[in-house]
1. So if I check each of ALA244, ALA240, ALA253, which one is among the small types (Gly, Ala, Ser) and over 16 Å from GLN80 (Cα atoms)?
2. Among the residues that make up region 220-236, is at least one of them over 18 Å from ARG287 (Cα atoms), charged (D, E, K, R), in the same structural domain as THR157 (by TED's automatic domain parsing) and touching a residue at least 60 places away in the same chain (Cβ under 8 Å)?
3. Answer yes if at least one residue in region 274-287 is surrounded by fewer than 23 Cβ atoms within 10 Å (Cβ to Cβ), among the aliphatic types (A, V, I, L, M) and touching a helix residue (DSSP H, G or I) at 6+ places or on another chain (Cβ under 9 Å), and no otherwise.
4. Within the bounds of region 69-84, is there any residue that is outside the structural domain of THR254 (by TED's automatic domain parsing), over 30 Å from ILE289 (Cβ atoms), modelled with pLDDT under 90 and crowded, with 16+ Cβ neighbours inside 10 Å?
5. Please verify whether LEU20 is closer than 19 Å to SER276 by Cβ, among the hydrophobic types (A, V, I, L, M, F, W, C) and modelled with pLDDT of 95 or more, treating the condition exactly as stated.
6. What number of residues within region 169-218 are surrounded by fewer than 19 Cβ atoms within 10 Å (Cβ to Cβ), touching a helix residue (DSSP H, G or I) at 6+ places or on another chain (Cβ under 9 Å) and either at pLDDT 95 or above or part of a strand (DSSP E or B) (or both)?
7. Keeping to region 283-315, report how many residues are within 17 Å of the chain's Cα centre (by Cα) and among the hydroxyl-bearing types (Ser, Thr, Tyr).
8. Quick test for you: out of ASP141, ASP126, pick the one residue that is at pLDDT 95 or above and of a type in the set (Asp, Glu).
Amino acid sequence: MRHTVYCVLCVLATLALGILAARYVTDSWLLAFFESLQTHISLFAIILALTAFFFKRHWYAILLTAAGTVLLVHSVLMLQEHAASSFVASAEASGGHFKLLSFNIEDSNFENGARIADLIVASKADVVEIFEAGPVFSAMDRITKIYPYRIGCGEMTTDCDSLLLSKRPFRTRLMRSLDSLWDNRFILATIDMDGQPVNFASIHLSKPYFDEFHQIELGLLASILNDAKEPLILAGDFNASVIAPDMRDFLAATALRHAFPEPATWPVAAGPYGISIDHVFARAPLRLISVKQIRDAMGSNHFGLMAEFSVPRHP
């Protein structure tokens with residue numbers, strides 16, 4: 001019986017580690033879901049291997065534990081690779097401090113639409129980016145009293161998926177699709193933040209296991225953002241962790257940086273032990289000061305994020 005349990009546990013651990021290790025020899029969208037979970041799956045495999053060793057003292061369980069540890073350590077290193085070096089509690093920049101609210105509220109979450117509208121109105125954020133925004137459309141009159149400038153939900157599009165709200169007028173506005181799968185899920189707006197123009201980008205990507213759409217969208221997004229010359233902050237639902245291969249390529253290509261550690265945003269049931277698939281990225285000279293999870297998901301399957309950032313003032 002002990003030998004049988006040992007074999008079952010080792011097989012499970014081997015399969016888990018084999019799926020993770022495949023990323024180092026091939027680049028396939030079929031592995032995308034597991035790649036974002038490398039930290040969690042590595043820990044799971046290590047626990048399985050150690051449990052197997054308890055049932056039977058054998059070298060193979062030790063080998064699995066070592067392999068899991070290597071994959072775990074590498075996942076943590078990848079999580080830090082594109083973190084902002086200036087991500088500190090007191091930013092060095094002498095410019096003003098501003099807030100950005102980013103939240104995928106889930107398109108079927110109509111019963112909590114009023115509560116989410118309350119959150120938006122009371123947030124004191126300078127810019128708000130909402131995804132799957134349909135549940136707050138009925139409260140738009142109340143929201144626009146605080147945020148009179150918007151893109152989405154009737155402005156530049158007839159649908160109500162991606163929504164960008166601002167207290168300040170837009171200098172430039174762009175809303176477009178990045179592929180044929182979803183319409184109007186990318187927004188780029190330039191806003192004057194006390195004398196310094198800042199580009200605010202909003203993105204809602206397709207799921208990474210929808211063929212190669214996720215990778216294609218990131219490639220197009222990188223090309224657009226690299227043409228944006230002003231300080232840039234990008235937030236949205238990327239449906240992938242920063243350790244996914246196409247996300248790593250995207251961050252390297254755009255010089256965007258993120259907080260470390262990033263707050264977990266999905267699944268809500270996992271709380272702080274979930275993964276970060278919703279992100280706030282910034283490019284120098286703009287500096288991130290803090291990125292925090294909004295602890296009440298308000299019926300959504302994602303946690304929202306509140307980011308504080310500083311914008312340097314030019315003479």
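1. Numbers: ALA244 fails: over 16 Å from GLN80 (Cα atoms); ALA240 fails: over 16 Å from GLN80 (Cα atoms).
So the residue among ALA244, ALA240, ALA253 that is among the small types (Gly, Ala, Ser) and over 16 Å from GLN80 (Cα atoms) is ALA253.
2. Within region 220-236, the subset over 18 Å from ARG287 (Cα atoms) is 220-224, 227.
Still in the running and charged (D, E, K, R): 227.
Imposing the further condition that a residue be in the same structural domain as THR157 (by TED's automatic domain parsing) reduces the set to 227.
Now drop any that are not touching a residue at least 60 places away in the same chain (Cβ under 8 Å), which leaves none.
There is no residue in region 220-236 that is over 18 Å from ARG287 (Cα atoms), charged (D, E, K, R), in the same structural domain as THR157 (by TED's automatic domain parsing) and touching a residue at least 60 places away in the same chain (Cβ under 8 Å).
3. So far as region 274-287 goes, yes, one or more of its residues are surrounded by fewer than 23 Cβ atoms within 10 Å (Cβ to Cβ), among the aliphatic types (A, V, I, L, M) and touching a helix residue (DSSP H, G or I) at 6+ places or on another chain (Cβ under 9 Å).
4. No, that holds for no residue.
5. Numbers: closer than 19 Å to SER276 by Cβ: yes; among the hydrophobic types (A, V, I, L, M, F, W, C): yes; modelled with pLDDT of 95 or more: no.
Answer is no for this residue.
6. Adding up the residues that qualify gives 2.
7. 2
8. Numbers: ASP141 fails: at pLDDT 95 or above.
Answer to the selection: ASP126.
The values are calculated or read from the model by the stated rules, or taken from the named source; none is laboratory data. In this text, all values refer to a predicted model and were calculated from it rather than measured experimentally. For neighbour counting, all protein chains shown are included, and Cβ atoms are generated from backbone atoms with ideal geometry for every residue, glycine included.
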